[in-house]
Each structure stands twice: as structure tokens, then as C-alpha cells.
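After the C-alpha cells below, expect a handful of questions from me.
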């Protein structure tokens, strides 16, 4: 029995000594270094090597260095049995090095330094400072049982282009941002609370990169500003968002974001004071301004936006859903529409217009009904008057119907308009809004006289032709009859 006890005690001593030798001596630490090195390379590039690895019963030191001059240094006190820690850390990442965290690449140059105090198993407080993206950043967060419990951040003068480059994204924006955040109860999705504030007083869009990657050629100044205020309660962030630029402003007063799936519901007001500044999107010059308001609903693989506006002398209501736009405009005046498109006025009438359009196939349709219209003075009116002796501008067109098919910027148009003494109609008129060309054949009936009117060429200065053979023939017959009638009267006087 005595021999067994002695042997058991000896065995325990050997095990403890062996563990101590492996864990807490230079010899043991060197044995562990290759294992630790392989773990490091999951997060750091191959350029990093484990320069120092020291583990003692009450302290530790880990220093990693790269050939490019980067360094990660963590050292301090650690109780192997108590799990208490009091350590400092310092990370300096050079321009040529990066860290990989959950598929996200973080690139240098920047430094981070701070303290870690607490108990590994129960609660850790970590705070620090950084110059990431040339900013002055201070942060602190708490881990409870190795899960996030609270987080605070104050980042001043963050260079946006540098921040985008740090997270391996193109620098589409250049400017300064200020970010402040205070969050509590992060580990509990139902009780998370706090604030997030982002302010970008002035930034500039990178025209060269935007043209290269998206094909948009921005004109003039490309300054933008952003304000975001979010109150986070439970699983939702209640936000107010304001974006301003020379192109217009966007205001969302009541945006609600579900944090679990990042879905969004919000109101919005979009104010565009000068439509012509959107030429980079529309690829045509536009006149006037527009204010849109409505709602936004977004979730994964689905987006819906409603839009309402007082425009073209009437009211527009539209819905955009998953690439399809459907809408109706009521009480609008064709003059307002032609003014916006910067075409010469040719017809004035109020009515309604329904439309649908798919932004992916670039195909759609539009139809409308307009009442009590007037043809406005133009070259066609003058030509008809000179040939038929009739002034179209004096007619009231009780009802005008329009329907069209849209294929990208090409439109095939049918219309019919009738007044007391005239009827004008066309089928298959072709309008090309990319080249501003028109090709139409109008059938006209004026006081029971029929004629064909061709309209071709530039929409603002088209070539207009009238088939006047029948009209001339009838005018001659009419004049001859009048002359014969007058001659007969003269003979029998």
C-alpha cells in the first residue's frame, strides 16, 4: 500500500512537472510556438511570424511581427487558476499587411492600443484608442462570459476614403465623418438599447471611380452630406436619416430597421430642385423640379417604394416593386410634361395617364385619356391652314386617347383626338427619345375632307408634309362649281 501511495504521488509530481515544463518554461513555450503560429495564420497573412511567446503561471507575452514592419504586442498578468487578466495590447499594421476577421479583410496602415482587465470566464473590460482611417478614435466594450455586453465608440475626423480602403472597398467617397455609439445589453437581442450617431458634414464623390465601376458621369460639384441618428430598442433601430447634395436632398424621419435581418421600413421625402442635374442618370436634359414623398420597404430579395408628387399640374402616384414600376397621374396637363422634357408645346389638355415599366427589361406601356384639349400654334397648324383653309387651334378636342409601347428609349404611339369638325389619329408612330427623332403618319379629317400628314425628323423641328392631291382636287371642284353657278346666274339675269 505504501509503495502504491508513493508511486501515485510520484506520478502526480511528474505530470505537474511535465505540464509546467510544457506550459511555463522557455523550452515548453518553444514546443507550443508552431501550434500557436498555425492558429495566427488563420487571421494574419503569412508575412507574420511569432517573435515572442512566453507563458508563465502569472504572466504572459505574445509578440508577432511581419517583414513589412507590422507588430502585434499583447502582454500582462494572467492568473492561470483565477482567470484574472490585466494586460496591455498594441497593434501596428503597415500599409502592406492585413487582418482577416470572419471573411472581412482589414488593411493597414493604422495602430490600435489599449487595456484588457477582468476575468476571462465572467467579465472583461477592454478599452483603447486608434488612428484608424487617420481618425482620433476611442472605444470601450465589455464581454460577459466571452459575449458582447456593451460597446461605446467615439470616432472623430474619420477619413471616409481611408476607411473604405481599410475594409478593402473602393474609395467612392472622400471626406470626413464623425461617429458616436453607445450600446448596452448587446448579448440579449430583446433588450439591446443605445444610440448611434453618424455625421458627414461634407464629402465628395469620386467621379473617376464611379464612372469606371457604374458608368455614371457626374457633372459639376459632387458634394454630399449625411446625418444619421438612431435609437436602438430591443431588436429595432429607430432612425432619422438626412442626405443632402447638389442633386437634391433625402429625408427619412421615421426609419425602422430590424437588426436581425436588416429589413427596413421608412417614410421619405425626396426633393430635387433641378432635374437637369440628374443627366448622369437620365441621359437627357430635363426642366423643372420635383418633390416626391412616400414609403420604403426593404428586406432580403425584395424592395418596394411608393411615390407621390404634385407634378405636371396634377398628382402622381406610383409603386416600385422588385424592378417593376406602376403608376397613375391624374389631372395632369400635357404642357407640363412637354415642358419637363424640353420639347415645344403642341397640345394643351388635362387628363390622366397610367403606366408600367420594368427597369431590368426596360420595357413597358402607357395609356391616357385627355379632355377639352387645344392644339397650340405650330408648323403643322400653319401648313394645314394654308392648304385646307382651316385653323386647328380654334377646335376643342373633347376627348383624346393615347396608348403606347415602350422599349428602352423607343416608343410606339397610337392616338386619336376628335373635335366637332375634325379628327386626327395615328397608329404606329415611332418616337426615339435617345435620338429625339419622330416618324409618324397622321390621318386627318377636316370638315369631311381627309388628308395624310407626315411628321419626320427632329422632334423639335420635324419635317411636315401633307398629301394635298385630294384636297386640291376638292378645292378645284368646289371653285369650278362656284364659278359655273355664278356664270349660269349671269346668263339668266
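Bear in mind that the values in this text are calculations on the coordinates, not laboratory data. On a predicted model such as this, the values are computed, not experimentally measured, just so you know. Cβ coordinates were reconstructed from backbone atoms using ideal geometry, including for glycine residues, and neighbour counts include every protein chain displayed.
Estimate the FRET efficiency between residue 376 and residue 412 by the formula 1/(1 + (r/R0)^6), using the beta-carbon distance for r and 35 Å for R0, to the nearest 0.05.
Once rounded, the FRET efficiency stands at 0.90.
Can I ask one more? Just order 433-443, 213-223 by mean Cβ neighbour count inside 10 Å, highest at the front, would you? Please report the intermediate quantities before stating the final value.
Working: 433-443: 15.6, 213-223: 12.9.
The densest-packed peptide leads the list: 433-443, 213-223.
Exposure proxy check: 111, 312 ranked by fewest other beta carbons within 10 Å?
Ranking 111, 312 by Cβ neighbours within 10 Å, fewest first, gives 111, 312.
Here is a further query. For the range 284-356, report the translational diffusion coefficient in µm²/s to the nearest whole number, using Stokes-Einstein at 10 °C, 1.306 mPa s, and a Kirkwood Rh over Cα pairs.
Values: Rh = 13.4 Å.
Roughly 119 µm²/s, to the nearest whole number.
Within the range 102-129, list the residues whose amide N lies under 18 Å from a label point set 7 Å along Cα→Cβ of residue 300.
The answer is 103-104.
How much length is gained on full extension from residue 235 to residue 293, taking 0.36 nm per residue of separation minus their Cα-Cα distance? Provide the component values of the computation, followed by the final result.
Numbers: separation 58, 0.36 × 58 = 20.88 nm, distance 2.69 nm.
Taking 0.36 nm per residue and subtracting the Cα distance, the gain is 18.2 nm.
Pull out the extension gain between residue 104 and residue 369, defined as 0.36 nm times the separation in residues minus the alpha carbon to alpha carbon distance; nm, one decimal. Spell out each step's value before the answer.
Working: separation 265, 0.36 × 265 = 95.40 nm, distance 5.54 nm.
89.9 nm is the gain from fully extending residue 104 to residue 369.
Apply 1/(1 + (r/R0)^6) to the Cβ-Cβ distance of residue 83 and residue 140, taking R0 = 25 Å, and write down the FRET efficiency to the nearest 0.05. Mind dumping the intermediate values first?
On the way: r = 21 Å, r/R0 = 0.83.
Working from the Cβ atoms, E equals 0.75.
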